[in-house]
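Here is the structure we will look at.
The values are calculated or read from the model by the stated rules, or taken from the named source; none is laboratory data. All values derive from a computational prediction rather than experimental measurement. No Cβ is skipped: glycine too gets one built from the backbone with ideal geometry, and neighbour counts run over all protein chains shown. Remember, those area values only see protein heavy atoms, side chains included, never the ligands or the DNA or RNA. Shrake-Rupley method; radii C 1.70, N 1.55, O 1.52, S 1.80 Å.
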Amino acid sequence: MKKIHTALLVFLLCVVAFEAVYIVRQSAGKPGKTAFPLAFPNLFGSVSSLSDGVEIREEEEKEEEQDVPVYEDTVKVLLLNPEGGPLHNNPSFSCEEEFTVTADTGESMTYPGGTVLEETSFWENGAGLVTIASVSGRGLKVCDNGVWSLEYEGVFHVRKQEAGSAIVNQVGIEEYIYGVLPSEMPDSYEYEAFKAQAVCARSYVYAKMQMTAYPEYDAQIDDTVMFQVYNKQKISETARQAVDETRGMVLVKDGVVAEPFYFSTSWGHTSDVGVWNLNQEDYTYLQPIWVALGGENRDFSKEEDFAQAVMGSEEEALEKECRYYRWQAEFSMNKNTEKVVEILKQRASMLPGTVRFLDKMNEEELDTTPDFGKIVAVSITKRSYAGAAQVVEIVFEHCKVTVQNEYTIRSLFGAMTTNITCQDGFVQEEAALLPSSYFVIASQSEESNGTVYGGGLGHGVGMSQNGANLLALNQYGYADILRFFYQDIEVMPLEELTGQLKENTQNEGSSH
């Protein structure tokens, strides 16, 4: 049974990893990359077959205890290789100051600063795991394919595997945030926006550490867009100061650290988690909002209302001058049909129910993957309240396919579009993903190309980074920015939250 549960967990984590939302950040006309992954709610519950009432109560009490979150002081980050894989082929390690290598066999060696060690030397005496630590707890570096990394704080755990070595950086939470912040938001942004980003990054890692994403490597997260980009940009003084001034501050909802989502640029409005087919009751702090100073939310679920809005510009919108606020792309249904079919098959396998293959005549669901043929028509059949394309229908010569899920829809249209032109004239010739799922299709036909008109960059859920920057320019403090984007949340020190959790647990224990 344990093996079955483990397999299910690994599968779910693979799905979560694939759902990582790719975001291209832009600042002052200069594009970059960042991301915030999609989270899944807890899908596993405790199932008891016991018949004795006392034993059932004990099992329920144990489950309640396990549901109390544990917020640790350090996080274990798997460092992926340059190709995005979990294992490294003969990496090297070094440190500018004295450092020690300790093996799981009990052996330990200390080396002077500047020494370069190849990882093959670690396994000569039968070790399977080594820990590398410097005197000060900082300054460690790793080299893969001849390229040295930036310096890391904390320690390295290097684990031998058949196909290579897994490298895990165990680092203090605040030090981890130092490494995340420069990769998620440029120094050119307003300082209060930077502080808001620091609180989001801290809240995110505390929320994600409740599940170990890589149990085979004893790592909770990795260092890429699948989670938060970590230690890819040099740590600036602005980043250190923003982290220090918000030290320990987190977003709290219903007595636990909330998992915040954020993205680059809104089209004028944000969405709820319905764009990912998640239960909105689990994320009540993420509601559609109008990103403007004043005014009320509007319903854009009707095609004509959304088309009129996205093909124009709302004067009150905070982000109306941002690069990706409005964009358009050349659209051709059969530009890359093989790629479209490949994406459909892959996503149908990974997320059952979000891609449905239907008989073209009676629309009954097909038991097997059909013969597709050419694409005849593409349409958006359902939109979210905030205008996101929520269900897309693709009619092929021999079948019909309906698609849900924001990431899948952006992937498909990434394969069917070229020359994404932003409102400032910047052109992106090819993209794996459409900038967002807030778009309309105009002038399409089998014989000729059409045009996709859209707005925003990223998934559109939670905090818009450019919106946060513009709020800061309008004298919003970091806590006010967070309350603008996340509804009915508290911004409070983690220490205060853990004190409340401890008190609640003690009170519940005394009541039994």
| Criterion (part of a helix (DSSP H, G or I) and surrounded by 23 or more Cβ atoms within 10 Å (Cβ to Cβ)) met by exactly one of VAL171, VAL199 | VAL199
| query | Considering VAL391, VAL403, which residue is on the phi < 0 side of the Ramachandran plot, among the β-branched types (Val, Ile, Thr) and buried (at least 21 other Cβ atoms within 10 Å of the Cβ)? | reply | VAL403
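Rundown of residues vs (1) touching a Leu at 6+ places or on another chain (Cβ under 6 Å); (2) among the hydroxyl-bearing types (Ser, Thr, Tyr); (3) without any contact (Cβ under 8 Å) to a residue 60 or more places away in the chain, yes/no style:
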residue: VAL378; (1), (2), (3): no, no, no
residue: TYR385; (1), (2), (3): no, yes, no
residue: VAL395; (1), (2), (3): no, no, yes
residue: ARG410; (1), (2), (3): yes, no, yes
residue: ALA431; (1), (2), (3): no, no, yes
residue: TYR438; (1), (2), (3): no, yes, no
| request: Go through (1) surrounded by fewer than 13 Cβ atoms within 10 Å (Cβ to Cβ); (2) not in a loop (DSSP other than H, G, I, E, B) and name the single condition GLY85 misses. | output: (2)
| remark: Among the residues of the range 434-461, the number that are open to solvent by 20 Å² or more (accessible area, probe 1.4 Å) and either within 17 Å of VAL403 (Cα to Cα) or at pLDDT 95 or above (or both) is 2
| task | Only residues that are exposed (fewer than 13 other Cβ atoms within 10 Å of the Cβ) and part of a loop (DSSP other than H, G, I, E, B): list them for the range 348-372, please. | result | PRO352, GLY353, MET361, ASN362, GLU363, GLU364, ASP367, THR368, ASP371
| field | Qualifying positions in the range 253-299 - among the acidic types (Asp, Glu), under 28 Å from ILE177 (Cα atoms) and touching a residue at least 40 places away in the same chain (Cβ under 8 Å) | value | GLU259, ASP272, ASP282
| query | Where in the range 90-168 are there strands (runs of 3 or more DSSP E), lying fully within it, with 1 or more residues that are at negative phi, surrounded by fewer than 13 Cβ atoms within 10 Å (Cβ to Cβ) and of a type in the set (Ser, Thr, Tyr)? | reply | 108-111
| note | Across the range 255-269, the tally of residues that are under 16 Å from GLU495 (Cα atoms), in a loop (DSSP other than H, G, I, E, B) and open to solvent by 10 Å² or more (accessible area, probe 1.4 Å) stands at 1
| request: Scan the range 291-343 for residues that are part of a strand (DSSP E or B) and over 23 Å from THR421 (Cβ atoms) and jot them down. | output: ALA292
| the range 406-433 - residue that is among the charged types (D, E, K, R) and open to solvent by 50 Å² or more (accessible area, probe 1.4 Å) and, of those, farthest from ASN334 (Cα to Cα) | ASP424
| request: Could you check, for the range 447-456, whether at least one of its residues is closer than 19 Å to PHE263 by Cβ, in contact with a Leu (Cβ under 9 Å, 6 or more places away or on another chain), not in a strand (DSSP E or B) and not acidic (Asp, Glu)? | output: no
| said: Based on this model, can you work out whether VAL250 counts as assigned to a strand (DSSP E or B), in contact with a helix residue (DSSP H, G or I) (Cβ under 9 Å, 6 or more places away or on another chain) and in contact (Cβ under 8 Å) with a residue 60 or more places away in the chain? | reply: yes
| query | Across the range 403-424, what is the total count of residues that are more than 20 Å from GLU338 (Cβ to Cβ) and of a type in the set (S, T, N, Q)? | reply | 5
| Failed condition for SER437, given (1) assigned to a loop (DSSP other than H, G, I, E, B); (2) within 22 Å of the chain's Cα centre (by Cα); (3) closer than 21 Å to GLU338 by Cβ, with all others met? | (3)
| message | Go through the range 466-505 and report how many residues are open to solvent by less than 70 Å² (accessible area, probe 1.4 Å), out of contact with any strand residue (DSSP E or B) (no Cβ under 6 Å at 6 or more places or on another chain), in a helix (DSSP H, G or I) and not β-branched (Val, Ile, Thr). | response | 10
